[in-house]
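Here the structure is laid out as structure tokens; the discussion comes afterwards.
The values are calculated or read from the model by the stated rules, or taken from the named source; none is laboratory data. Owing to the predicted nature of the structure, the values given are computational and were not obtained by experimental measurement. Cβ placement follows ideal geometry from the backbone for every residue including glycine, while neighbour counts extend to all protein chains displayed. Heavy atoms of the whole protein, side chains included, go into the accessibility calculation; ligands, DNA and RNA do not. Shrake-Rupley method; radii C 1.70, N 1.55, O 1.52, S 1.80 Å.
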Amino acid sequence: MELKWIRENMETEQIIAAKPTQATVETEVALPGGLREEARVFYADASAAVNGGELAGSRVTADGRVTFHVLYAQGDLSRVNALEAAADFSQALPLKEDYGQSAAVRLQPRVQVQHVSAKAFNGRLLLQAILNLTAEAALPRTISFIRDVEPDPSVQRASQTIAMEHTVGEGESSTLLREEFELSEVLRIKETLFATAQAQVEDILGGADGKAAVTGTITIDAFHAADLPGRPLVYTRHTMPFEQQVALSGALGTALSARSQVKDVAVLSQETENGRVMRAEIQLATEITAVEDTEMTVLKDVFTTEGDAVETHFQQVAFRCGTVNETAAESMRTPLTLPEGSPRMKTALLGFVRPIPVQFQRQKDKLAVDGVLDMTVIYQADDSDAPVAVRQEEAFHTVFSTQALPEDDLTLTAEQVEPAAVTGDRAELKYILRLNAEGVRKNEAQILVDAASLPAEEMEKGVILYFLQPGETLWDMAKRYRVSLDAVRRLNPGLTADPAPGTPVMAYKK
């Protein structure tokens, strides 16, 4: 007996992930004043962006740039200045295996700033940022498998349906956006010191021309020097919509996902005929991935009831079955107590919060996060015109309502930070803690990749009474004695679809 097997190729993606790696980026810049002038650092911030990545053998190399912003005073300690500096980095991230080098691999390096420090020393600023880097790549794979066998009275077949997705198109685009914002006269802003910006994707529309339009909102937090009595520093928040066209190489697929990132932001405020305005230039980069959802019904197992037996060969195949792109937010309040000996607080000017996650844990339909809050409050003291900065770390625990998993690419940011003086030695920070989650869902299945006929061992005929062993099914019992599953069910009409171990099952071997 010669069975005729129906073979096909399966296009899948193997998701490979690099080991999370820390990198330290350092640089130094000269302060504009004299070497003997006292310098004081109030706050240091940094943003990081990956410009590209390369897969070579058993490692991924990510290249990018860190941009530092520092609020400081020099000489006249009541006058706050801002300084910007940049430093490039290149960091290798190890992989578990050697994948060689392939142009078909789609790399997605990610970077998060975990810690920033700035020290004034001999007329210079020493800057340091600690980065957390991760990288993920989708490695295309083609697997030859047996989808079915041509009908034959002696063949018993079990099928399974596999739902998967794979990348069919991708694209990226970078653009420079410009916008102008009115600044309230009440704030009496003299100079805009620096700003940070975040982009949030809201919608993706695919077009017939092979392009996709990504729309969303950019939120800008700007920090200014002001001429208000008792308030030399003020904060404003601005939003602007964006739309970016991205050309896709490949097809639009059945689903699109996008990621927009602000790579650089520059701000400048000046007087105009209509009052003071802030002009912003934002370098926005957007990546789009198009995936195709596929369902395949394939053979799960096969055997014959007469003639030659079948020798089967299976392969455990891991494949991508879903994409995650979620955001969740929680309102937070955290107290901050001034260290002993600090000048008493009169007015809280600016507040900054950097969440540093330490552990993510799945709890039913929620994600719990434990970590450390790196908090800075700049305030005006009772008896001095010079601002005072206090920096503290505080443990935190919060829970987000999300389907994200700990192994996803998870980013925590604190937005809309509002400091308030509660007493002379205590402040409170109100803010929104936002979680962004990106990732893929993976599954595994045993795939029948080869089969061959071979002479069958002769079996005893007659009635068989068999007790199911733990982990066995009716299919396993029917395959063992080479009888049809329908015949077993007819002979055992009271059996459930999934009998418990120890259940007696009768079969008749002709």
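Here are some notes:
- Complete set of residues in region 305-331 that are under 30 Å from L3 (Cβ atoms), open to solvent by 20 Å² or more (accessible area, probe 1.4 Å) and of a type in the set (V, I, T): T305, V310, T312
- For region 226-240, residues that are in a strand (DSSP E or B), out of contact with any helix residue (DSSP H, G or I) (no Cβ under 8 Å at 6 or more places or on another chain) and either closer than 25 Å to T327 by Cβ or open to solvent by 10 Å² or more (accessible area, probe 1.4 Å) (or both) total 8.
- Failed item in (1) open to solvent by less than 80 Å² (accessible area, probe 1.4 Å); (2) at positive phi, with T334 passing the rest: (2)
- Test set (1) surrounded by fewer than 19 Cβ atoms within 10 Å (Cβ to Cβ); (2) in contact (Cβ under 8 Å) with a residue 24 or more places away in the chain; (3) not aliphatic (A, V, I, L, M) - T192 fails condition number: (1)
- Candidates A437, A404, A445, A427, filtered to the one that is open to solvent by less than 20 Å² (accessible area, probe 1.4 Å), farther than 20 Å from H115 by Cα and assigned to a loop (DSSP other than H, G, I, E, B): A404
- Residue satisfying all of: in region 194-224; in a strand (DSSP E or B) and over 22 Å from the mean Cα position of the chain (by Cα); nearest to N436 (Cα to Cα) among these: D221
Per-residue answers, yes or no, for (1) touching a Lys or Arg at 6+ places or on another chain (Cβ under 7 Å); (2) of a type in the set (V, I, T):
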position: F314; (1), (2): no, no
position: A328; (1), (2): no, no
position: P343; (1), (2): no, no
position: T347; (1), (2): yes, yes
position: V353; (1), (2): no, yes
position: Q361; (1), (2): no, no
position: V372; (1), (2): no, yes
position: E394; (1), (2): no, no
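- Strands (runs of 3 or more DSSP E) (entirely within region 43-142) containing at least 3 residues that are open to solvent by less than 30 Å² (accessible area, probe 1.4 Å) and without any contact (Cβ under 8 Å) to a residue 12 or more places away in the chain: none
- V417 closer than 30 Å to S154 by Cβ and either assigned to a strand (DSSP E or B) or touching a helix residue (DSSP H, G or I) at 6+ places or on another chain (Cβ under 7 Å) (or both): no
- In region 485-510, the residues that are surrounded by fewer than 16 Cβ atoms within 10 Å (Cβ to Cβ), among the hydroxyl-bearing types (S, T, Y) and under 51 Å from the mean Cα position of the chain (by Cα): T496
- Residue in region 451-465 that is in contact (Cβ under 8 Å) with a residue 40 or more places away in the chain, surrounded by 17 or more Cβ atoms within 10 Å (Cβ to Cβ) and not aliphatic (A, V, I, L, M) present: no
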